[in-house]
1. Could you order the peptides 49-57, 254-262 from most to least packed, using the average number of other C-beta atoms within 10 Å per residue?
2. Per 5 Å bin, what percent of the C-alpha pairs of the chain does each bin hold, from zero upward?
3. Once you have all Cα-Cα distances for the range 122-163, histogram them in 5 Å bins from zero and send the whole-percent values.
4. Each residue of the range 64-75 in order: what ³J(HN,Hα) in whole Hz does its phi give by Karplus 6.51 cos²θ - 1.76 cosθ + 1.60, θ = phi - 60°, with x for Gly and Pro?
5. What list of ³J(HN,Hα) values in whole Hz, one per residue of the range 201-214 in order, does the Karplus curve 6.51 cos²θ - 1.76 cosθ + 1.60 (θ = phi - 60°) give from phi, with Gly and Pro shown as x?
6. If the chain between Asp263 and Gln245 were fully stretched, how many nm would it gain, using 0.36 nm times the residue separation less the Cα-Cα distance?
7. Rounded to a whole number, what % of the accessible area of the chain do carbon and sulfur atoms account for, probe 1.4 Å?
8. Could you give me the percent of Cα pairs per 10 Å distance bin for the range 107-251, shortest bin first, beginning at zero and ending with the bin that holds the maximum distance?
Amino acid sequence: MAERPYLYVRGVSKHYETAPDPRLGSGGVRVLDNISFTARKGEFVTIVGPNGCGKSTFFRILAGLEEMDYGRILIGGKTPEEAKIGFVFQNYRESLYPWRTCLGNLMVPLELDGVPRKDRKRRVEEFLWMLDMSIREDAYPYELSGGQQQMLAILRALIYQPDILLLDEPFSSLDFQTTLWMHDKIMEVWEKTGVTILFISHNIHEAVYLADKVVVFSKRPARVVEVIETGLPRPRDYKVTETDQFFEVKNRVMELFREEVMDSFLFMELSGF
Ligand SMILES: Nc1ncnc2c1ncn2[C@@H]1O[C@H](COP(=O)(O)OP(=O)(O)OP(=O)(O)O)[C@@H](O)[C@H]1O
Ligand SMILES: [Mg+2]
């Protein structure tokens, strides 16, 4: 019998009501059109798709922050409202508490989970030990580099022991050098925790390098154009990016992506770019 998927997304559709427009009529804007795919427990799934196609909306629905019009989502048998969701955004400056130290930030999920005050520090230390990572406990977020801040935000989401970790373009605000470091660090943390990750990326190289599976979304309203199993070996390092297999997968994702954004290229040409 086939293994039951851990993450089950079936027929998810969503539209937003908009103010009536005399040229366009009413009816709102369709954002998600019948999104379906599955993921195994502990899988690393990346999502790529054109600008504004509905990726972040899909994450907000997965996180139980917004309702879908139709469809069904199960995360380890739980609905988005029941599941524990870790959510990290692009903008780490807005997600960390600036008035709290690194240690204080990592303790937030433990406080919310009702862990007694006297046990919190020990729990953070055990967690970091398990990951073989260290932090500057007494430093404030502004004293850290962008990469360190974003890693702190990711660690804070993980210490909560989420059923799934959603990362919405987490490295888009970082410089190239830091991004390369983050790629290897996130894979290390993922392997040690065994957490299931969904990761939205604008960078096709990154999306293929990190993923077991790449889900390609169409332009808005987003459909799933194709789900591509990368089949690349684990543990993984940059050497994999020099293999024929990596090139093949990357080219396929690129090809699908270009087909979706062709119209907007044409629009940019016509409007004088
Ligand atoms: N609350 C809302 N009300 C109306 N329209 C919305 C709302 N939130 C998002 N939209 C629209 O839905 C569409 C999808 O937005 P969303 O942010 O999900 O796309 P995205 O794929 O994450 O974009 P990006 O690539 O820029 O991150 C956009 O056209 C956006 O303007
Ligand atoms: Mg987005």
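The values are calculated or read from the model by the stated rules, or taken from the named source; none is laboratory data. Since the model is a prediction, treat every value here as computed from it, not as a measurement. Please note: Cβ atoms are built from the backbone with ideal geometry, for glycine as well, and neighbour counts cover all protein chains shown. Each accessible area value is taken on the protein alone, full model and side chains, heavy atoms only, with ligands, DNA and RNA left out. Shrake-Rupley method; radii C 1.70, N 1.55, O 1.52, S 1.80 Å.
1. 49-57, 254-262
2. 1, 5, 11, 15, 18, 16, 13, 9, 6, 3, 1, 0, 0
3. Answer for the range 122-163: a P(r) of 5, 20, 32, 26, 13, 2, 0 percent.
4. After applying 6.51 cos²θ - 1.76 cosθ + 1.60, I find x, 8, 9, 8, 8, 6, 9, x, 9, 10, 10, 10 Hz.
5. Listing the rounded values in order: 9, 9, 10, 5, 4, 4, 4, 7, 4, 7, 8, 7, 9, 10 Hz.
6. Computed gain between Asp263 and Gln245 is 3.6 nm.
7. Reported share for carbon and sulfur atoms: 52 percent.
8. It works out to 9, 36, 34, 16, 5, 0, in whole percents.
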